[in-house]
Every structure is written in C-alpha cells, then in structure tokens.
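The structure appears below as structure tokens.
The values are calculated or read from the model by the stated rules, or taken from the named source; none is laboratory data. Predicted, not measured: the structure shown is a model, and the values here were computed from it. Positions of Cβ are generated from backbone atoms using ideal geometry, with glycine treated the same way; all protein chains shown enter the neighbour counts. To get the accessible areas, we keep the full protein, side chains included, count just its heavy atoms, and leave off ligands, DNA and RNA. Shrake-Rupley method; radii C 1.70, N 1.55, O 1.52, S 1.80 Å.
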Amino acid sequence: QVQLVESGGGLVQPGGSLRLSCAASRSIFNIAAMSWYRQVPGKQREFVAITTTGGSTSYADSVKGRFNLSRDNAKNTVYLQMNSLKPEDTAVYYCNALTAGEDYWGQGTQVTVSS
C-alpha cells in the first residue's frame, strides 16, 4: 500500500509555470509506474504523463513539449514541471501509483491558469 500527497498547485497567469510534487509514503523505486492525471468538473479524468521504473516517460499530446515529469527515488517523490501554462490546463491534478496490480491516488491539487 502507498499513500500519495500532491502539492504545488495554485493560481498562475497564462504562460507561467508551476511545479507539482507527489510525495509517496514509501519507496517508489519498485513502483511500476507513477503518473499524473487531471480532471475538470463534468469531465472524465484524463491522462497527463507517466514514468516507469524502466525510466521511460510519455506525455499526453496536449502537454508534450510543455510539461516535464521526473522522479527522485531518494525522496520518494515525483514532480511535474509545467511550463507555458494555458487556461485549458486548469484542473485538479492527481498523482497515481500503479504497483502490484493496485492503483493508488492522491487527493489532488488545484491548478488554475487565469489572468
């Protein structure tokens, strides 16, 4: 089992940057995949980015080239660096861990992009 706590959300102007953090309650070294999703009211949660233990990383087309996902195994933390933010990036961002066939989610952090 693993608990996830997201942080770093907030209000930012279009074109600005934010860095989200996802801190895990235990080592993430052997967690098969850690990812970020986002959700706006009335819509399904959508995939943003994923990183695996093998070191591969992939992104949704809508964020490719603007967002960067990294993991610090020593700190049990995954980061999502978000640059060139757009109003359509506004959402609650959730961290996900997939391990031993189980999905774990954090409580989410709100990101609002507005002038």
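The lone criterion from (1) surrounded by fewer than 18 Cβ atoms within 10 Å (Cβ to Cβ); (2) at pLDDT 95 or above left unmet by Leu98 is number (2).
Of the residues making up region 33-55, those that are under 11 Å from the mean Cα position of the chain (by Cα), open to solvent by less than 20 Å² (accessible area, probe 1.4 Å) and touching a residue at least 40 places away in the same chain (Cβ under 8 Å) are Met34, Ser35, Trp36, Arg38, Val48.
Within region 32-51, the set of residues being assigned to a loop (DSSP other than H, G, I, E, B) and more than 18 Å from Ala100 (Cα to Cα) comprises Val40, Pro41, Gly42, Lys43, Gln44, Arg45.
Could we say that Ala60 is touching a residue at least 40 places away in the same chain (Cβ under 8 Å), touching a strand residue (DSSP E or B) at 6+ places or on another chain (Cβ under 8 Å) and either farther than 19 Å from Val113 by Cα or open to solvent by less than 50 Å² (accessible area, probe 1.4 Å) (or both) here? So Ala60 fails the test. Of all residues in region 17-32, those that are in contact (Cβ under 8 Å) with a residue 60 or more places away in the chain and surrounded by 15 or more Cβ atoms within 10 Å (Cβ to Cβ) total 6.
If you check Leu11 against the conditions, is it closer than 13 Å to Val111 by Cα and modelled with pLDDT of 95 or more?
Yes: the conditions hold for Leu11.
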